[in-house]
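A.B. asks: Let me give you the structure first, and then I'll get to my questions.
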Amino acid sequence: MTDAPVEAPSGLPKLPVLPLGGLSEFGLNTMAVSWGDTLVVVDAGSMFPEPELLGVDLIIPDYACLQHRQPRHTAVVLTHGHEDHIGAVPHVMRQFAGPVFGTPLTLALLEAKLAEQRVSVDDRLHVVHPRDRMVVGDFTLEFLRVTHSMPDCVAVAIHTPVGTVVHSGDFKIDQTPIDGEHFDFHRFAELGAEGVLALFSDSTNIERPGVTGSEVDVIEAFEEIFASTRGKIITASFATSMYRLQVLVTLAEKFGRRVAFVGRGMVEVSQIAQRLGYLKVPAHLTVRESEVKNLPPEQVLCLVTGSQGEPMSALSRIAIDEHKHVGLMPDDTVVFSSREIPGNERAIDRVINHIARRGAEIVNEHIKHVHVSGHGSSEELKTMLSLVRPRCFVPIHGTFRQRSRHARTAERLTRNLPSPVQVILADNGENIEFDRDGGRVTARVHAGRVLIDGASASGLGDEVLRDRRHLAEDGLVVPVVAINKQTGAVEGVPDMITRGLAIEQGAESPLRDASRLIAELLASASIEERTDYGIIRDRISVELRRFFRKRLGQRPLVLPVIMEI
Ligand SMILES: [Zn+2]
Ligand SMILES: [Zn+2]
């Protein structure tokens, strides 16, 4: 991207739009729209690392390609409060000045994140509501209500000197929204009538025929579960799935169960939702997680996180019987009220097997209709295209396969119209330049990723660079542990292989202490934990990172190796 609007051959300046993430992975949704002295970033998402990336807590897009510019007017615009849309905002706020626009719930979730990471907010967070308009430099931003799996979601229309660009955010068309806040058909249609230069639209569920369905659709299946379960009911979902939580709280009241929010994330987010009125929980209904064991099981509903099999989540702890307050009994039912995010299947499967060992009933979306997606299926995506009638269409948010299918759908939909849509199938880092007639990919920039570990507030370059630097500065520790697959017994003494670590050898070697520490950790772990390599690797890694930080002030890359015997 250049500092001045690009001159087209005709002499008309062009509008550059640069997607930096979210076009081929789940997460990292980020798109930069610029014009002269104005730069607007739509969403700034993060993603959680694959298990192979040990020592990394979070991945964010690399914003370096935007940084050589110092535009006078900058703003970050957020469509909604999911991590894959706001997770990188603290980093963006450190790198760019300017306001952050979002709805009340989005900003409340963001504020909690900023406080945790000690990013000063000053007066930079600006609450917006659907149909509000805000001027940023040469752009006017407009917000349109959409429905999704959480409240307070918007699409963004950016009115630019070249034309209007619409970004759908994540959406489905829920005709019976739990909070009564409807998808804004009227304004999308009006924009379409006024003329839209480009539509960027969510492709996640393009492969599903028909419509996705409403958040109220799960009520029936949950009523059956509430009516038939004799023990506790434990439901795992994202803490931000507030419609789901509301359905469950309402049913708990109807069926005489108290509600416990279990796990830090669930407690924090549900408190924000209650404070802002997005989640209504009668005071007499709630109970602390520490009180769960004192209540008759048939009077308890636990709302937990961990639906993706995250090793340190409340559900994983409950599943291996290591949770302080909540245990599982054969009469209990555990409901996975969420979808499996691709890549998490094995971790989820491990948790399900642990739960099965406890004898509890397990229900997921394959067994009963306990989950509805938040993303529109093909008919809803066609509706969006028909309402907005854009000149150009860029499918976003999905794998290449999903985006190319979305592209074909758009082409088929408009084939017989006087002016068929122009489809642009771009990738992360491909700069699209628009003029009044259309757009095309003109350049590729390096759209890297930055890996963040909990300790470093700012990223350290892109993936390879980051690993190399980490190794060069902090060295590498590979604890090797041999575990008997059948008995769960630890064989021999954990071995510590190190490279590039500055330590003196001798009887007092910290390595010996590290080895002893791991031996103790393994001895205190249950057999189930020891034979679950996901959990045990995570625990060893956390423990050793803490040890080296405290003892030596070093942050080596820790890569536990578990040998099965
Ligand atoms: Zn979302
Ligand atoms: Zn999303």
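A.B. asks: I'm checking my understanding of the structure. Among residues of the range 160-174 that are assigned to a loop (DSSP other than H, G, I, E, B) and within 14 Å of ligand 2 (Cβ to nearest atom), which one is farthest from the chain's Cα centre (by Cα)?
C.D. replies: Per the stated criteria, the residue is Ser168.
A.B. asks: Quick one: which of Ile424, Ile352 is within 30 Å of Pro297 (Cα to Cα) and either more than 21 Å from the chain's Cα centre (by Cα) or buried (at least 19 other Cβ atoms within 10 Å of the Cβ) (or both)?
C.D. replies: It is Ile352.
A.B. asks: Take Met384 and decide whether it is at pLDDT 95 or above, buried (at least 18 other Cβ atoms within 10 Å of the Cβ) and either over 23 Å from the mean Cα position of the chain (by Cα) or of a type in the set (A, V, I, L, M) (or both).
C.D. replies: yes
A.B. asks: Looking only at residues in the range 263-286 that are assigned to a helix (DSSP H, G or I) and either over 20 Å from the mean Cα position of the chain (by Cα) or of a type in the set (Lys, Arg) (or both), which one is modelled with the lowest pLDDT?
C.D. replies: Arg264
A.B. asks: List the helices (runs of 4 or more DSSP H) that sit entirely inside the range 321-428 and contain at least 1 residues that are in contact (Cβ under 8 Å) with a residue 60 or more places away in the chain, within 16 Å of ligand 2 (Cβ to nearest atom) and among the charged types (D, E, K, R).
C.D. replies: 378-388, 400-414
A.B. asks: Looking at the structure I just gave you, is Ala252 in contact (Cβ under 8 Å) with a residue 12 or more places away in the chain, outside any loop (DSSP other than H, G, I, E, B) and touching a Cys at 6+ places or on another chain (Cβ under 9 Å)?
C.D. replies: no
A.B. asks: Just the residues that are within 16 Å of ligand 1 (Cβ to nearest atom), surrounded by 24 or more Cβ atoms within 10 Å (Cβ to Cβ) and part of a strand (DSSP E or B), please, taken from the range 198-246.
C.D. replies: Matches in the range 198-246: Phe200, Ser201, Asp202.
A.B. asks: Also: Do you know which of the residues in the range 139-159 that are buried (at least 21 other Cβ atoms within 10 Å of the Cβ) and among the polar types (S, T, N, Q) is nearest to ligand 2 (Cβ to nearest atom)?
C.D. replies: Ser149
A.B. asks: Same structure again: Mind listing whichever residues of the range 398-415 are closer than 23 Å to Ala157 by Cβ, modelled with pLDDT under 95 and within 26 Å of the chain's Cα centre (by Cα)?
C.D. replies: The answer is Gly398, and nothing else.
A.B. asks: Go through (1) modelled with pLDDT of 95 or more; (2) farther than 19 Å from Asn428 by Cα; (3) away from ligand 1 (no atom under 16 Å from the Cβ) for Val76 and report which single condition fails.
C.D. replies: Failed condition: (2).
A.B. asks: Okay, moving on. Out of curiosity, is Phe183 in contact with a His (Cβ under 9 Å, 6 or more places away or on another chain) and either more than 16 Å from ligand 2 (Cβ to nearest atom) or of a type in the set (A, V, I, L, M, F, W, C) (or both)?
C.D. replies: no
A.B. asks: Would you list the strands (runs of 3 or more DSSP E) that sit entirely within the range 45-138 and hold 2 or more residues that are more than 18 Å from the chain's Cα centre (by Cα), free of Cβ contacts under 8 Å to residues at least 60 places away in the same chain and away from ligand 2 (no atom under 16 Å from the Cβ)?
C.D. replies: 100-102, 125-127, 133-136
The values are calculated or read from the model by the stated rules, or taken from the named source; none is laboratory data. Just so you know, these numbers come straight off a predicted model, no measurement behind them. Glycine also receives a Cβ, built like all others from the backbone with ideal geometry; neighbour counts cover every protein chain displayed.
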